[in-house]
Amino acid sequence: MKLSIAKKMNVGFGFALLLLLLVSIVSFRSIIRLVGDSVLKTHTYETLADLEDIVSLIKDLETGSRGYVITGDEDHLEPYYAASMVIDEQVIGVLALTADNPNLHEMLHNLEPLIHANRAFQAELVDLRRNSGYEAAKKAIETDIGTYLMNEIRGIIHEMEGEEYALLLQRSEKVKTSTQNAVYIIIFGSVLALSIVIFAIIIINRDIAERNKAEEKIQQAKEEAEAANQAKSIFLANMSHEIRTPMNAIVGMSDLLSETSLTEEQRKYVDIFRRAGENLLSLINDLLDLSKVEAGRLELEKADFDLNSTIEKTVEMFGLNAREKGLKLSYHISPDVPNFLNGDPARLRQIIVNLIGNAIKFTDRGEVVLTVGGQRSAASGQEKDKVDLLFSVRDTGIGIQPEKLDRIFESFSQAHSSTARIYGGTGLGLTIAKRLVEMMGGKIWVESKVGEGSIFYFTARFSIAAREVVKKGEVRMSEGQKPLNILLVDDSEDNRMLIESYLKKSSHKIRTAANGESAVAKFRKGRYDIVLMDMQMPVMDGYTATREIRKWEMETGKSQTPIIALTAYALKEDAEKSIQAGCTAHISKPVKKANLLEVIAKYAKKG
């Protein structure tokens, strides 16, 4: 029995969702376990340090008393008296630290009377020297009682240190194992989930292509293709939401974990699964863009922008990657290119990012160069203020085989069969870049020689801006900002804990609600300076809750409180839907700490 496209999508969506939920739960528990193991490891270090302190204090007792016996100088008794005052407290501290270890506890109980006996013996030496003279004290020393006590004490402490070092090795291995497990779970689960999504999309596209071949069912095939595209957009939007929701916790928690005290090895593991999460989000964005392009729903923005600044910041993004590979990365903008243009700088940046990213990925030595040249349009009328720009990205990498050049811009296509295995990627970037270039009134092509490198060219048409672009300054959290009352609304306990962790060092007061209905009730009873509202929740979603809050504010004559939408949906339509419901601004998950603080600082109520 052949499954329909909708059923295939549902099956793929179900498997991917189930897998992601499992990865989210298991990885979060692994991280918590890792933190707990790290605490135990620190506990062991503290115990070893305290044992060393006890040995040092006993040495001070013996050195001080012997020094006084030999010289009769009272100054030698200063370390003796100092050690006498704190040694009991030090022993009590070690007893507390070893409460969970019966063996160490028993050793300490054996050690205590020896320490007291040694201290009594040293005190006796001091008294003999002070009252009876050097010879009496010397005879007491020659009894070897002190030597016997010190040997016994050192033997027990040495045994305790051996026990603690064994525990340290055991706990260090547990920390290492916990870290590796967390990394493996996140990477394997994320890659497998993404594979399911891509596989589902491939199957859907293949079915659509087969149905379009049947000429006698052209109309029916067209309707099915349109329905499939719509269903695919919904599927990708839902998949994006379901992936971004757990990824919000994973990426956020990895950021928080990286701020804690970690070993170099642990920090390396944390960086690995943080980069894996960011790569997964990048792939999701590519899939969403491809879906919107194929559905004809991708639109270009029209805004004035500074071309030099855009190019400079884009190239700077790859500076670290280029340096790590030992590559020279540079750019050149022809003097005849107008600096201030009107168009879509974000989509232009997306094209250049894809081309430079590929160039660095496939180049092991040499250089990557971005060049921008232009020629003003000779047309008249509305076209006279247009300029055609020619962009090129040249590298000295592995090159592309001639028979592969015609297919390089197709979906899921890569120049070499081993490319995905060696370098990674899905083959969507150039497809999206080609569609964007065409929407900008240009074309894209490539010239390449195997083993010598490649040059990717593309043209794009822009309007010349009527005036200089005013650069917007960054909005930063003011040090003098008053404490805020914040209402955090999210049905995910992990996401609530993440946002609260982001703000725990601030002076803001956080109240939480698990659904829209609870949020509306709390908002009516309290006074809040800002609301962080998740839009997808049970009982009452964020859209309805926002409309209810705005309605209540209007009825009671209260000024509007800023409501910031937090959603795992990343499409432009979702942002617009949030604004239409009454939200002040929109943030897509995963939420970055810096972005959250910036938005709170910008929209917080004054006064």
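For the range 513-531, state whether one or more residues are in a loop (DSSP other than H, G, I, E, B) and touching a Cys at 6+ places or on another chain (Cβ under 9 Å). Looking for residues that are in a loop (DSSP other than H, G, I, E, B) and touching a Cys at 6+ places or on another chain (Cβ under 9 Å), one finds none in the range 513-531, hence no. Yes or no: the range 61-69 includes at least one residue that is modelled with pLDDT under 80 and open to solvent by 40 Å² or more (accessible area, probe 1.4 Å). No, the range 61-69 has no match at all.
When H43 is tested against the conditions (1) touching a helix residue (DSSP H, G or I) at 6+ places or on another chain (Cβ under 6 Å); (2) under 30 Å from E152 (Cα atoms); (3) modelled with pLDDT under 70; (4) open to solvent by 20 Å² or more (accessible area, probe 1.4 Å), the lone failure is (1). Of the residues in the range 153-162, at least one is outside any loop (DSSP other than H, G, I, E, B), acidic (D, E), open to solvent by less than 50 Å² (accessible area, probe 1.4 Å) and touching a residue at least 24 places away in the same chain (Cβ under 8 Å).
Selection within the range 102-114: residues that are at pLDDT below 85 and under 23 Å from S65 (Cβ atoms). The member of this set that is most open to solvent (accessible area, probe 1.4 Å) is E112. Within the range 420-429, at least one residue is hydrophobic (A, V, I, L, M, F, W, C), at pLDDT below 85, surrounded by fewer than 16 Cβ atoms within 10 Å (Cβ to Cβ) and not in a loop (DSSP other than H, G, I, E, B).
Pairs linking a residue in the range 442-460 that is within 18 Å of E367 (Cβ to Cβ) to a residue that is acidic (D, E), with Cβ atoms under 8 Å and 6 or more positions apart or on different chains, are G453/D395; S454/D395; S454/E447; I455/D395; I455/E447; Y457/E447. Selection of the range 537-571 for residues being in contact with a Gly (Cβ under 9 Å, 6 or more places away or on another chain), in a loop (DSSP other than H, G, I, E, B) and surrounded by 19 or more Cβ atoms within 10 Å (Cβ to Cβ) yields only M537.
Is it the case that G374 is open to solvent by less than 50 Å² (accessible area, probe 1.4 Å), modelled with pLDDT under 95 and at positive phi?
Values: open to solvent by less than 50 Å² (accessible area, probe 1.4 Å): yes; modelled with pLDDT under 95: yes; at positive phi: no.
Spelling it out, it is not the case that G374 is open to solvent by less than 50 Å² (accessible area, probe 1.4 Å), modelled with pLDDT under 95 and at positive phi.
Any residue in the range 400-418 that is open to solvent by 20 Å² or more (accessible area, probe 1.4 Å), within 14 Å of Y457 (Cα to Cα) and at pLDDT 85 or above? Explain how you work it out, then say what you get.
Initially, the range 400-418 is screened for residues open to solvent by 20 Å² or more (accessible area, probe 1.4 Å), giving 401-407, 409-412, 414, 416-418.
Subset that is within 14 Å of Y457 (Cα to Cα): 405, 409.
Narrowing the set further to residues that are at pLDDT 85 or above leaves none.
Scanning the range 400-418, I find no residue that is open to solvent by 20 Å² or more (accessible area, probe 1.4 Å), within 14 Å of Y457 (Cα to Cα) and at pLDDT 85 or above, so the answer is no.
Going by the structure shown, is V520 of a type outside the set (F, W, Y) and on the phi < 0 side of the Ramachandran plot? So V520 fits the description; yes.
The values are calculated or read from the model by the stated rules, or taken from the named source; none is laboratory data. Quick caveat: nothing in here was measured; it's all calculated off a predicted structure. All Cβ positions, glycine included, derive from the backbone under ideal geometry; neighbour counts span all protein chains shown. Heavy atoms of the whole protein, side chains included, go into the accessibility calculation; ligands, DNA and RNA do not. Shrake-Rupley method; radii C 1.70, N 1.55, O 1.52, S 1.80 Å.
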